[in-house]
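Have a look at the structure below before the remarks.
The values are calculated or read from the model by the stated rules, or taken from the named source; none is laboratory data. Keep in mind the model is a prediction, meaning the values are calculated, not measured. Note that we place each Cβ from the backbone using ideal geometry, even for glycine, and neighbour counts take in every protein chain shown. The protein model used for the area step is the full one, side chains on, heavy atoms only, and it has no ligands, DNA or RNA in it. Shrake-Rupley method; radii C 1.70, N 1.55, O 1.52, S 1.80 Å.
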Amino acid sequence: MKAWAILLATCLALPAWGIEPPRYADDRAGSGLSHVYDGGWEFFVGGGVAAFDCDGDGRQDLHLAGGTNPSALYRNVSAAGGVLRFEALDDAAVALPDVTGAYPVDIDGDGILDLAVLRVGENVLLKGKGNCRFERANEAWGFDGGDAWTTAFAARWDEGRDWPTLAFGNYVDRGAPGSPFGTCHDNFVFPPKPEGGGFAEPAALNPGHCALSALFSDWDRSGERDLRLTNDRQYYRGGQEQLWRLSSEAAPRLYSRRDGWRRLNIWGMGIASHDVNEDGYPDYFLTSMGDNKLRVLTEGAKRPVFGDQAGKRGMTAHRPYTGGDILPSTGWHAEFRDVNNDSYMDLFIAKGNVEAMKDFASRDPNNLLLGHPDGRFENVGEAAGIATFARSRGATLADLNLDGLPDLVVVNRKVEAEVWRNLGAGTADQTVPMGNWLQLKLRQEGGNRNAVGAWIEVRIGARTLSREVTVGGGHAGGTADWIHFGVGTAERARVRVQWPDGEWSDWIRLYTNQFARITRGQSQAEPWLPPEGEDGS
């Protein structure tokens with residue numbers, strides 16, 4: 001393609017108004033959502049939120065960890081484009097104490113999302129029964145929830161298996177002599193039974209270095225999903241960040257220096273993955289205390305040789321940007337999402353002092369980093385209106401009112417969770433769209449119905465936006481269902497899917513500003529319309 005044609009196509013993918021932040025409205029009052037993550041030192045970490053559709057109406061409902069308070073489930077009853085509204089649901093199976101977080105995943109392949117609930121104590125798998133009802137499934141599925149302090153989770157499907165492999169990352173070993181320092185608990189991987197229908201005996205990942213986030217990801221696009229663990233150096237001795245190769249035919253193997261793995265020591269708390277440099281491979285943003293990282297392949301995909309580009313791209317977010325505190329920040333949940341639909345991915349980072357660590361900021365507002373066409377990121381948290389000084393932990397960026405703009409829910413330690421509605425370029429009285437968008441769901445036959453491990457490509461002009469479908473990462477919580485793409489001014493896009501087994505779909509042409517389901521083997525996507533809200537609007 002000639003240079004002028006490439007320039008024109010790129011310009012057509014840019015927003016007409018320039019790179020500007022969206023504005024957010026505080027919808028806590030009247031939202032119906034009232035929840036606090038509380039507890040002593042075992043709940044300094046955790047506090048995750050899961051966003052997923054548990055009643056099949058297309059809206060993402062919320063599960064919030066409570067620490068010493070019971071965890072809570074909220075049905076999303078927001079009208080399309082309207083104020084965010086939820087109703088609390090009473091389900092004894094869900095209202096568990098000592099919960100640090102949860103991840104939505106369809107474990108048994110019945111088309112209904114289940115919950116993997118992480119706890120200080122026994123972890124619990126909750127089978128989704130539809131209509132936001134759940135039942136305990138540990139015994140039915142042969143799952144031993146153990147008695148560890150669990151803070152991380154990830155899932156993947158291996159080829160030929162209808163049930164997933166589950167990874168649980170654990171923190172301090174509370175029962176070890178001399179706890180807490182230097183006494184990190186082993187992590188565990190639960191493979192499916194060869195005959196299906198549940199889980200085999202777990203394999204220990206040893207040594208454990210106090211994992212706070214876990215993610216299965218195809219870092220080299222080989223079709224194999226390796227397990228990345230980010231670890232809190234506050235408690236380990238001689239540890240580092242980890243990448244594990246897991247195979248059904250061999251014992252778990254830790255990547256080492258001879259493989260090209262570079263030693264990295266951080267206060268690892270959260271993982272967010274995205275192809276930031278648009279080279280076709282996922283990059284990994286790791287939150288820490290005053291030292292956030294963006295890990296990018298530096299020698300191609302033959303070996304896991306990762307370097308850091310956080311400073312180069314303006315992503316360190318290492319000190320508060322408002323509030324008067326100059327001490328280093330503490331990062332927790334991180335999540336990539338195009339919040340202004342300009343086709344350039346943005347990044348949210350939840351911030352907050354662990355408790356009262358005097359060497360780190362006590363007034364530490366959450367970051368919203370806006371992506372620019374040149375690859376830089378710019379903090380716009382204050383301009384977007386989300387700069388508060390609670391000790392934040394988990395969060396989710398999800399389009400909760402189905403208007404194409406990602407909203408924000410943040411779980412805070414010891415104070416109420418925050419509910420932020422994305423107004424685009426508008427005000428609390430009127431949302432004004434920013435850019436065009438697509439939201440997609442994938443479906444295929446077999447146990448892995450939601451195609452975890454697939455890659456989605458969206459072509460707009462001369463650019464290709466890509467996304468890996470994963471379960472895990474963040475900090476103690478994740479999002480399922482609609483996969484959001486901002487596409488700028490593009491009115492049409494072409495979409496294709498690389499399914500988990502490596503097979504590519506044909507290109508599918510779609511108009512933008514719509515929800516659509518893509519089913520494997522079908523040449524067209526199925527459009528979907530949002531339901532009416534509780535007020536019938």
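Remarks
- Residues of region 219-253 classified as farther than 19 Å from Arg303 by Cα and either open to solvent by 10 Å² or more (accessible area, probe 1.4 Å) or touching a Lys or Arg at 6+ places or on another chain (Cβ under 6 Å) (or both), total: 10
- Complete set of residues in region 397-422 that are open to solvent by 10 Å² or more (accessible area, probe 1.4 Å) and either more than 22 Å from the chain's Cα centre (by Cα) or among the small types (Gly, Ala, Ser) (or both): Lys414, Val415
- Residue that is under 23 Å from Val469 (Cβ atoms) and modelled with pLDDT of 95 or more, where the choices are Arg262, Arg253, Arg225: Arg225
- Test result for Asp364, within 22 Å of Met269 (Cβ to Cβ), crowded, with 23+ Cβ neighbours inside 10 Å and acidic (Asp, Glu): yes
- Region 239-259 residues that are closer than 17 Å to Asp220 by Cα, paired with ones that are among the hydroxyl-bearing types (Ser, Thr, Tyr) and crowded, with 16+ Cβ neighbours inside 10 Å (beta carbon under 8 Å, 6 or more apart): Gln242/Tyr255; Leu243/Tyr255; Trp244/Tyr255; Arg245/Tyr255; Leu246/Thr165
- Region 328-338 - residue that is in a loop (DSSP other than H, G, I, E, B) and not polar (S, T, N, Q) and, of those, surrounded by the most Cβ atoms within 10 Å (Cβ to Cβ): Asp338
- Verdict on Arg449 being open to solvent by 20 Å² or more (accessible area, probe 1.4 Å), charged (D, E, K, R) and more than 21 Å from the chain's Cα centre (by Cα): no
- Looking only at residues in region 367-376 that are open to solvent by less than 20 Å² (accessible area, probe 1.4 Å) and of a type outside the set (Gly, Ala, Ser), the one that is farthest from Leu465 (Cα to Cα) is Asn367.
- Residue match in region 218-232 (condition: β-branched (Val, Ile, Thr) and in contact (Cβ under 8 Å) with a residue 40 or more places away in the chain): yes
- If you go through region 24-34 and keep only what is buried (at least 22 other Cβ atoms within 10 Å of the Cβ) and not hydrophobic (A, V, I, L, M, F, W, C), you end up with Tyr24, Asp27.
- As a summary of the residue check, Asp501 satisfies the conditions (1) in contact with a strand residue (DSSP E or B) (Cβ under 8 Å, 6 or more places away or on another chain); (2) open to solvent by 40 Å² or more (accessible area, probe 1.4 Å) except for the one numbered (1).
- Yes/no for Val276 being outside any loop (DSSP other than H, G, I, E, B), under 19 Å from the mean Cα position of the chain (by Cα), β-branched (Val, Ile, Thr) and closer than 30 Å to Ala490 by Cα: no
- Residue in region 286-294 that is within 18 Å of Gly478 (Cβ to Cβ) and either free of Cβ contacts under 8 Å to residues at least 24 places away in the same chain or not in a loop (DSSP other than H, G, I, E, B) (or both) present: yes
- Scanning region 87-107 for residues that are buried (at least 16 other Cβ atoms within 10 Å of the Cβ) and either assigned to a strand (DSSP E or B) or touching a residue at least 60 places away in the same chain (Cβ under 8 Å) (or both) yields Leu89, Val99, Thr100, Gly101, Ala102, Tyr103, Pro104, Val105, Asp106.
- Any hit, region 475-495, residues being charged (D, E, K, R), within 20 Å of Phe52 (Cα to Cα), in contact with an Asp or Glu (Cβ under 8 Å, 6 or more places away or on another chain) and not in a strand (DSSP E or B): yes
- Residue check, Asp325 among the charged types (D, E, K, R), within 18 Å of Gly270 (Cβ to Cβ), open to solvent by 20 Å² or more (accessible area, probe 1.4 Å) and part of a loop (DSSP other than H, G, I, E, B): no
- From Asp342, Asp359, residue being at pLDDT 95 or above, crowded, with 22+ Cβ neighbours inside 10 Å and either assigned to a loop (DSSP other than H, G, I, E, B) or in contact with a helix residue (DSSP H, G or I) (Cβ under 7 Å, 6 or more places away or on another chain) (or both): Asp342
- Criterion: basic (Lys, Arg), surrounded by fewer than 19 Cβ atoms within 10 Å (Cβ to Cβ) and in contact (Cβ under 8 Å) with a residue 12 or more places away in the chain - qualifying residue of Lys351, Lys302: Lys302
- If the condition is being within 15 Å of Leu215 (Cβ to Cβ), of a type in the set (Phe, Trp, Tyr) and either touching a Gly at 6+ places or on another chain (Cβ under 6 Å) or open to solvent by 10 Å² or more (accessible area, probe 1.4 Å) (or both), then region 254-293 contributes Tyr255, Tyr281.
- Residue within region 473-494 that is over 14 Å from the mean Cα position of the chain (by Cα), closer than 26 Å to Phe285 by Cβ and open to solvent by 20 Å² or more (accessible area, probe 1.4 Å) present: no
- For region 185-238, residues that are of a type in the set (A, V, I, L, M) and touching a Leu at 6+ places or on another chain (Cβ under 7 Å) total 4.
To keep it simple, each residue is scored yes or no on (1) within 21 Å of Pro328 (Cα to Cα); (2) among the hydrophobic types (A, V, I, L, M, F, W, C).
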| site | (1), (2) |
| --- | --- |
| Leu369 | yes, yes |
| Phe377 | yes, yes |
| Gly385 | no, no |
| Arg391 | yes, no |
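- Considering region 35-75, the residues that are β-branched (Val, Ile, Thr) and in a loop (DSSP other than H, G, I, E, B) include one that is surrounded by the fewest Cβ atoms within 10 Å (Cβ to Cβ), namely Thr68.
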